[in-house]
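Below: the structure, in structure tokens.
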Amino acid sequence: LNKRYKLNLKQAVKARHGNDAARALASKEAGPDSIVTRPFERVEFDGHRIDVMCVIDLPNPYGGTQRLVLERLWLLVIVDVKTRAILGYSLVLNSEYNAGDVLRCIKCALTPWTPMTLTIPGLKYTNGSGLPSGVHAECAGALWDELWFDNAKANLADAVRSNLSRVVGCAINAGPVKTPQRRPFIERLFQTLEE
């Protein structure tokens with residue numbers, strides 16, 4: 001398509017459907033997404049804010065407990081595009097997540113999963129459940145080729161980018177600003193969680 005047609009199309013979409021639709025159109029014009037044909041070829045990462053009011057009693061090193069009031073949690077997740085399997089996650093108790101939290105989630109995805117000790121009566125893992133790295137030996141320590149995430153400052157931090165380059169050796173794709181539809185699998189996972 002010629003340049004003039006693309007400009008007119010973008011303006012028409014913006015006028016009729018708004019800025020979000022025009023951004024979505026522009027993100028598709030950036031080039032066709034390659035088809036993912038195997039596990040660990042592409043993964044998506046994002047953080048999901050959970051607005052919740054809760055209290056946690058933490059053991060105090062001087063004795064007793066200290067009560068911590070939380071108003072927000074973050075769930076950070078890495079999901080494989082081909083299999084839709086969750087490769088790693090991290091729960092952040094702060095009001096915002098940072099580069100260290102992103103790196104903890106990446107470490108979780110690269111470390112073989114082991115079941116937690118469940119202390120709630122009657123709660124147990126079903127047979128064969130768990131993250132791929134703990135259930136399938138060939139997935140333990142597996143590295144991915146591409147990581148897609150949004151433009152959050154924590155994601156774009158030098159520490160995150162350098163560790164991904166040095167340890168995982170993957171390509172990083174932050175994608176266009178305000179286009180969550182470029183990461184449909186992680187966005188759908190969080191939508192399901194909300195429902």
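Here residue 82 and residue 181 are evaluated by their C-beta separation; at R0 = 25 Å the FRET efficiency comes out at 0.85. Accessible surface ranking for 75, 164, 1.4 angstrom probe, highest first: 75, 164. Mind checking which of 135, 105, 148 is farthest towards the positive end of segment 57-155's charge dipole, using Cβ charges of +1 (Lys, Arg) and -1 (Asp, Glu) about the Cα centre? Positive-most Cα among the choices belongs to 135.
Applying the criteria of a DSSP loop state and at most 13 other Cβ atoms within 10 Å to the GluC sites (Glu not before Pro) of segment 66-153 yields 96.
Residue 38 to residue 17: FRET efficiency via 1/(1 + (r/R0)^6), r the Cβ-Cβ distance, R0 45 Å, to the nearest 0.05? Efficiency for this residue pair is about 0.80. What's the tally of Lys pairs in the chain whose alpha-carbon atoms lie under 17 angstrom apart, where the two lysines are 8 or more places apart or on different chains? Going through the chain pair by pair, I get 10.
By accessible area, using a 1.4 Å probe on protein heavy atoms only, the chain has 55% of its surface on carbon and sulfur.
Match the structure shown to one of the listed values [x] 71, 40, 35; [y] 51, 37, 29; [z] 47, 44, 37 of Cα extents along the principal axes in Å, computed from it, and give that label. This structure yields the entry labelled [x].
Length gain on complete extension for the stretch residue 67 to residue 165, per 0.36 nm per residue less the alpha carbon to alpha carbon distance? Don't skip to the end; give the middle numbers.
On the way: separation 98, 0.36 × 98 = 35.28 nm, distance 3.96 nm.
Stretched fully, the residue 67-residue 165 segment lengthens by 31.3 nm.
Could you tell me the center-to-center distance, by alpha carbons, between segment 56-117 and segment 126-185 in angstrom? Cα centres, segment 56-117 to segment 126-185: 15 Å.
Taking only protein heavy atoms into account and a 1.4 Å probe, give the accessible area per residue of the chain in Å².
Working: 12530 Å² over 195 residues.
Spelled out: the 1.4 Å probe surface of the chain, per residue, equals 64 Å².
Within the listed set 134, 64, 169, the residue fluctuating most in the Gaussian network model of the chain (springs between alpha-carbon atoms under 10 angstrom) is 64. Comparing mean-square fluctuations of 77, 102, 36 from a GNM of the chain with C-alpha springs under 10 Å, the top value falls on 36. When the chain is treated as a GNM with alpha-carbon contacts under 10 Å, the residue of 127, 94, 155 showing the greatest mean-square fluctuation is 127.
Report, in deg cm²/dmol and to the nearest 500, the calculated mean residue ellipticity at 222 nm for the chain, where each DSSP H run with n ≥ 4 adds -39500 (n - 2.57) and the sum is divided by the residue count. Calculated mean residue ellipticity at 222 nm is -9000 deg cm²/dmol. Extension gain, residue 53-residue 157: 0.36 nm per intervening residue step, less the Cα-Cα distance, totals 34.5 nm.
Only the Cβ atoms of Lys and Arg (+1) and of Asp and Glu (-1) were treated as charged; on that basis the dipole of segment 58-195 about its Cα centre amounts to roughly 80 debye. Here's the picture: a label point sits 7 Å out from the Cα of residue 94 along the beta-carbon direction, and within segment 138-157 the residues with their amide nitrogen under 12 Å of it are 154-155. Of the residues 54, 105, ranked by 1.4 Å probe accessible area with the largest first, the sequence reads 54, 105.
The values are calculated or read from the model by the stated rules, or taken from the named source; none is laboratory data. Keep in mind the model is a prediction, meaning the values are calculated, not measured. All Cβ positions, even for glycine, are placed from backbone atoms using ideal geometry, and neighbour counts span all protein chains on display. Protein only, heavy atoms only, side chains kept; ligands, DNA and RNA dropped before computing areas. Shrake-Rupley method; radii C 1.70, N 1.55, O 1.52, S 1.80 Å.
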